[in-house]
Structures are given as structure tokens and as C-alpha cells.
Amino acid sequence: MNAKCTIKAPFFEIGPKSYLYGDQILELAKAADAASEKYGVDIIFTCPVVDIRRVKENTKHIHVFAPHMDPIPVGRGLADILPESLVAAGAEGVMLNHVEKPVTFEVLAETIKRAEEVGLLTIVCADSMADATKIATLAPDIIVAEPSELIGTGVSVGPEYVEAATKCVKSVNDKILVLTAAGIANGTDVYNTIIAGADATGSSSGVAKAADRAAMVDEMIAAVRKAWDERHK
């Protein structure tokens, strides 16, 4: 079994989805790697499956996650994503149940179990308070609490949502880290989310569609560090 990596708050998740491909993915990963080292902030880089090995071999500080996997055993499964293959490629974790790749609760429970078996961390998406509370009973490592209607809009959640989402997850299992996101477009959005009490936040289109992606990564990770340090003075 693969030994699990450790993610600590504050942290940030970057998920380029299919906005970028090829060398663009690697360039963004390297920018994230530099920002992680510069600011001392853990970064989860949710990478297209085909780029996992390349990104892992060319970075030192970021945590490379897969965007999905299937709870299949070694054997049959054409075009399914085998947990063991993700570990072999260098993935440290996997994102599950994103609004763009949803699974049933039963499949989610089975997939989290398979991830545990092979030593992959799990970051699981929930698009409502009720959903987050139910998913917390499965004890994933991280829950992403983000209203699906705000994803990709550039409109971020407010402090009341951050506080409520964090509280509802921690009330079930206080060991679960809570990432509150959706609509994170710049460093100000990042700062406001972390200062409101989130363990983490993240961005996809806000980074991938920025005119200068490396500069935006630096801006956002600097904001994570600033807000977290101010919260813990």
C-alpha cells in the first residue's frame, strides 16, 4: 500500500480541468510548485490523468491529485481509471464527486474505500450543506464545499457560507479538512475566504483563464499566507 501524504492547513487547490493541456499544464504546475515553496503553503494540483507522471517528475512541492478514479480491482475495466495505476503514475490523492463528474453516494463510499486501500488521499466535492454533512460520514480527508451554481462564474461564496459549511462538516468529523471555493477569481477572493475561517480554498478558471497564470497563482497563494497568518496572530 502507498503511504499517504500529509496535507495541512492552510492549503490551496488548483484544478485546470480541460482549460489547459500539454505543456500549459506543466508550466502551471511549475508556477504552483514555486509558489508553494515561496509561501510555505501546501498546494493540491488536480491534474489531467494523462499528465500525472510528467507533472510529478518535474515538481517537488505540490501534491499531485487525479481528477477522478473508478472503484475497480485490477483486471477488466476498459477506459476505467484504476486506483493502483494512479499510484504508479505518482498521484498522491484523487478528487471525487465534482459537479462535472458526479457519482452516486454508494459509488462514492466504495471509491473512498478503494482510495484508502491504495494510500490515496481523497478530496470530495459537495454542492450543498446537506450533501457535505452526508459525505462527512464517509470520512474523506478533505471536503470541498462549493455551491455548484457559482462554479466558473467569478462570483465567490460569502463569509456566512464559509462559516456554516466548515461548521457542518466539523460537527460530523473534526478531522476532515474543509475547502470552501466556487467563483474564486483573484487574491481578494482567496483572502476573504481564508479569513472567514476556511482551511483552504481553490480555483480553476480563475487561474487557467488569467492573462498571466503564474502571476495569478503567486497572487492567490500570497493571499492564503496573509489571511492565515492574520487569523492566527
When the charge dipole of the chain is computed with +1 at the Cβ of Lys and Arg and -1 at the Cβ of Asp and Glu, the Cα pointing farthest to the positive end, of His61, Ile221, Val190, is that of His61
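Could you calculate the contour length gain from Ser171 to Val50, that is, 0.36 nm times the residue separation minus the distance between their Cα atoms, to one decimal place in nm? Working shown, then result.
Details: separation 121, 0.36 × 121 = 43.56 nm, distance 3.73 nm.
Stretched fully, the Ser171-Val50 segment lengthens by 39.8 nm.
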Ranking Asp218, Asp229 from most to least accessible area with a 1.4 Å probe gives Asp229, Asp218
Per the helix-only model, the chain has a calculated mean residue ellipticity at 222 nm (DSSP H runs of ≥4, -39500 (n - 2.57) each, divided over all residues, rounded to the nearest 500) of -12500 deg cm²/dmol
About its Cα centre, segment 1-160 carries a charge dipole, from +1 on Lys and Arg Cβ atoms and -1 on Asp and Glu Cβ atoms, whose size in debye to the nearest 20 is 380 debye
Mean accessible area per residue over the chain (1.4 angstrom probe, all protein chains present, square angstrom) is 45 Å²
Comparing Leu120, Leu20, Leu96 in a Gaussian network model of the chain (Cα, 10 Å), the one with the largest mean-square fluctuation is Leu20
A correct Karplus calculation of ³J(HN,Hα) over segment 91-101, with 6.51 cos²θ - 1.76 cosθ + 1.60, θ = phi - 60°, whole Hz and x for Gly and Pro, returns 5, 9, x, 8, 8, 9, 6, 4, 4, 8, 8
Under the 7 Å Cα-to-Cβ spin-label approximation, Val74 and Ala109 lie apart by a distance in nanometres of 2.8 nm
Across Phe11, Phe65, Phe105, the residue with the highest GNM fluctuation in the chain (Cα network, 10 Å cutoff) is Phe105
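Compute the signed sum of charges (Lys and Arg +1, Asp and Glu -1) over the other residues within less than 12 Å, Cβ to Cβ, of Tyr191.
Details: positive: Arg225, Lys226, Arg231; negative: Asp189, Glu219, Asp229, Glu230.
Local charge sum for Tyr191: -1.
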The percentage of the accessible area of the chain (probe 1.4 Å, all protein chains present) made up of carbon and sulfur atoms, to the nearest whole number, is 53 percent
Computed ³J(HN,Hα) along segment 25-37: with the Karplus parameters 6.51/-1.76/1.60, θ = phi - 60°, integer Hz and x for glycine or proline, the list is 5, 5, 4, 5, 4, 5, 5, 5, 4, 5, 5, 4, 5
With no solvent term and unit scatterers on the alpha-carbon positions of segment 1-134, Debye gives log₁₀ I(q)/I(0) at q = 0.12, 0.17, 0.22 Å⁻¹ of -0.45, -0.92, -1.42
Spelling it out for Asp199: with amide H atoms placed in the peptide plane at 1.01 Å from N, the residues 5 or more places away or on another chain with amide H under 5 Å from its amide H are Val178, Thr180
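May I ask for the equivalent-ellipsoid semi-axes of the chain, computed as the square root of five times each C-alpha gyration tensor eigenvalue and listed largest first in whole Å? Don't jump to the answer; show the numbers that get you there.
Numbers: eigenvalues 124, 93, 48 Å².
Rounded to whole Å, the semi-axes are 25, 22, 16.
Give me the percent relative contact order of the chain, please, defined on Cα pairs under 8 angstrom at least 6 residues apart.
Numbers: 487 pairs, mean separation 47.2, N = 233.
Normalised by residue count, the contact order of the chain is 20 percent.
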Expressed in angstrom and rounded, the centroid-to-centroid distance over alpha carbons for segment 193-228 and segment 54-117 is 24 Å
When the chain is treated as a Gaussian network with springs between alpha carbons less than 10 Å apart, the largest mean-square fluctuation among Ile43, Ile81, Ile52 is found at Ile81
Rounded to one decimal in nm, the spacing of the 7 Å Cα→Cβ label points at Glu160 and Glu84 is 5.1 nm
Under the 7 Å Cα-to-Cβ spin-label approximation, Asp212 and Thr133 lie apart by a distance in nanometres of 4.6 nm
Cα convex hull volume per residue for segment 64-148, in Å³, equals 87 Å³
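The values are calculated or read from the model by the stated rules, or taken from the named source; none is laboratory data. Since the model is a prediction, treat every value here as computed from it, not as a measurement. Methodologically, a virtual Cβ is constructed for each residue, glycine included, from the backbone with ideal geometry; neighbour enumeration extends over all protein chains shown. Note: accessible area is taken over every heavy atom of the protein model, side chains too, but ligands, DNA and RNA are not part of it. Shrake-Rupley method; radii C 1.70, N 1.55, O 1.52, S 1.80 Å.
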